[in-house]
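Notes for the one structure printed next.
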Amino acid sequence: MSGEVRVIVYCRAPEQGTAPVEAAFRSINEDLAGVPGLLRSELLGSTLDGEDRTLAVLSHWKDTASFRAWEQGAAHREQTSPLRRYQDRESGSRHYGIYEVLSSFASGRP
């Protein structure tokens with residue numbers, strides 16, 4: 001067990017496409033630069049047929065304590081507000097998830 005944590009936030013792009021979500025993601029990450037424990041963040045787009053508006057933000061954290069400290073801090077809500085309007089709250093499932101890395105594998109290939 002590494003202790004690292006992954007946080008996934010599920011999003012839905014508006015009718016005009018993913019550009020507004022991508023802009024919100026970039027804006028948020030400018031504000032998050034230097035947050036203790038945040039290792040990296042990625043914006044992912046679904047490649048499944050018919051899901052070109054389904055997106056997810058995947059952030060990698062050093063540990064649960066680092067994520068919780070940021071999440072409970074005063075800046076959290078303001079820092080993430082540009083992306084909040086795109087969170088997928090209509091799909092019937094949770095719009096986010098917090099997962100501890102239990103095991104991992106790297107192939108060693110580029």
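Quick notes on this one:
- For L102 and A75, a Förster radius of 35 Å and the Cβ-Cβ distance give a FRET efficiency of 0.75, rounded to the nearest 0.05.
- Electrostatic bookkeeping for R53 treats Lys and Arg as +1 and Asp and Glu as -1; over the other residues with beta carbon under 15 Å from its beta carbon, the sum is -4.
- With every protein chain in place, the range 1-97: carbon and sulfur % of accessible area (1.4 Å): 49
- Solvent-accessible area per residue for the chain (1.4 angstrom probe, square angstrom): 67
- Rg/Rg_ref, the range 1-50, where Rg_ref = 2.2 N^0.38 Å and atoms are Cα: 1.38
The values are calculated or read from the model by the stated rules, or taken from the named source; none is laboratory data. As the structure is a computational prediction, the values presented were derived from the model and not from experiment. In this analysis, Cβ positions are derived from the backbone assuming ideal geometry, glycine residues included, and neighbour counts consider all displayed protein chains. For accessibility, only protein heavy atoms count, side chains too; no ligands or nucleic acids. Shrake-Rupley method; radii C 1.70, N 1.55, O 1.52, S 1.80 Å.
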